[in-house]
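We did not get these values from a lab; they are worked out from the coordinates using the rules stated. Computed from a predicted model, the values in this text were never measured in an experiment. Glycine gets a Cβ as well: all are built from the backbone with ideal geometry, and neighbour counts include every protein chain shown.
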Amino acid sequence: MKYLLILLLLFPVTCLAQFKISGRVINATDGKPVPDASVFLNNETIGTKSAGDGTFILSNLTTGQHDLTVSVIGYEVYHQALMVKTDLVLPDIKLPPKTTMLGEVKIELDPRREKKLKEFTQQFLGSSAYARQCEILNPDVLTLKYNRDGNVLTGSSDDFLEINNNALGYKLKYLITRFVVDRNENKLIYEGAVLFEELDGNDNQVKQWKSNRMKVYYGSPTHFLREILADRVDSGYSVETKKIISSYVTVKGFTGNKSTSRTALQPADYVHRTDTAGIFALGYNTPLEVYYKPRKARGKAANTHPQYATIGFIDPYLYFDGNGTILNPMGVVFNYAWGNSRVAQLLPIDYWPTEN
């Protein structure tokens with residue numbers, strides 16, 4: 001394992017460096033500055049508002065890839081993936097104004113709105129104990145539609161959906177671009193950009209938030225990827241894959257597995273370097289089974305329950321950077337512990353346990 005990851009040992013040093021991004025937001029039509037635009041890094045705690053002249057500065061960035069997002073009412077949302085290795089001064093960010101249809105606006109009350117909102121909340125936040133401590137502050141920004149024929153609930157938001165997570169101590173500002181619950185297919189998809197803000201709390205609340213964050217972090221996909229880069233994956237994880245030894249065919253023509261065997265894998269088997277510095281690939285020719293069970297106490301890690309998850313590959317590889325950020329989240333399918341995790345258990349990618 002070590003011979004493959006020698007290059008990665010540089011990351012604990014480079015991640016200590018902090019950089020900044022600066023730029024200006026303007027109207028793509030007339031070139032005028034756009035003030036008060038939300039400029040933030042998706043899935044992080046770093047964000048600001050553009051000034052009266054459209055300028056902004058984002059500070060304290062670590063090395064790695066970041067998703068810059070710019071949003072303001074009346075304009076299209078802007079996204080740009082940035083690889084940060086030094087301070088960046090960006091060209092003007094040109095926001096196209098949204099096109100609106102002029103005409104009569106009809107406001108109709110939706111008698112099923114409350115039922116749709118309840119379904120959305122359960123699917124989006126989850127059903128964990130953490131979800132019960134979350135509060136959606138402005139549900140009116142949600143547009144929810146239900147297709148009875150397809151048994152599909154869809155949702156989106158033009159403005160930030162604000163959520164207080166009183167279990168983890170964050171206020172989430174989530175700009176939902178796509179939300180789909182397909183009951184017939186038993187499928188859930190949600191996409192968007194989110195900014196985390198620290199909640200104010202007393203000493204006891206802060207202590208509990210710290211404990212809950214660590215419990216959520218250990219055993220998560222982010223923790224798993226960071227342990228790979230730190231050459232510590234064997235401290236709590238084991239990765240296996242199934243191999244079919246023999247199969248059978250029923251009288252109706254269906255194929256089943258008669259017996260399978262499991263093969264334990266080393267990181268060198270499924271972690272690969274790429275042509276881009278700081279970007280790594282995780283992949284295998286079959287789905288991977290990931291078991292997490294801390295083998296020794298390390299801070300609060302000892303309080304984390306053992307977990308089991310699987311990684312299925314839609315794209316050939318899962319790509320990630322030195323911070324453990326998954327760069328193609330729609331290219332993989334997580335099941336079991338990782339697949340059941342929802343927004344109530346979401347941590348910003350710039351979160352690191354204090355003992356690390």
Listed pairs K85/K173; K116/K187; K20/K49; K215/K242; K49/K94; K20/K171 exceeding 18 Å between Cα atoms: K85/K173; K215/K242; K20/K171
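Given R₀ = 22 Å, FRET efficiency for E76-V180 by Cβ-Cβ distance, to 0.05?
Calculated value: 0.55.
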Using a Förster distance of 30 Å, how high is the FRET efficiency between T48 and L188, based on the Cβ-Cβ distance and rounded to 0.05? 0.40
Output for region 302-350 (equivalent-ellipsoid semi-axes, sqrt of 5λ from the C-alpha gyration tensor, Å, descending) is 20, 15, 11
Gain in span if fully extended, K94 to S238, counting 0.36 nm per residue against the direct Cα distance: 47.2 nm
Approximate spin-label separation T29-L199, in nm, with each point projected 7 Å along Cα-to-Cβ: 4.0 nm
Calculated FRET efficiency for the pair Y291/W352, C-beta based, R₀ 35 Å, to 0.05: 0.90
Looking at region 114-172, which trypsin sites (Lys or Arg not before Pro) are in a loop (DSSP not H, G, I, E or B) and have at most 16 other Cβ atoms within 10 Å? R148
Under 5 Å between amide hydrogens, which residues at least 5 positions from L199 or on another chain qualify, with H placed 1.01 Å from N in the peptide plane? Y170, K171
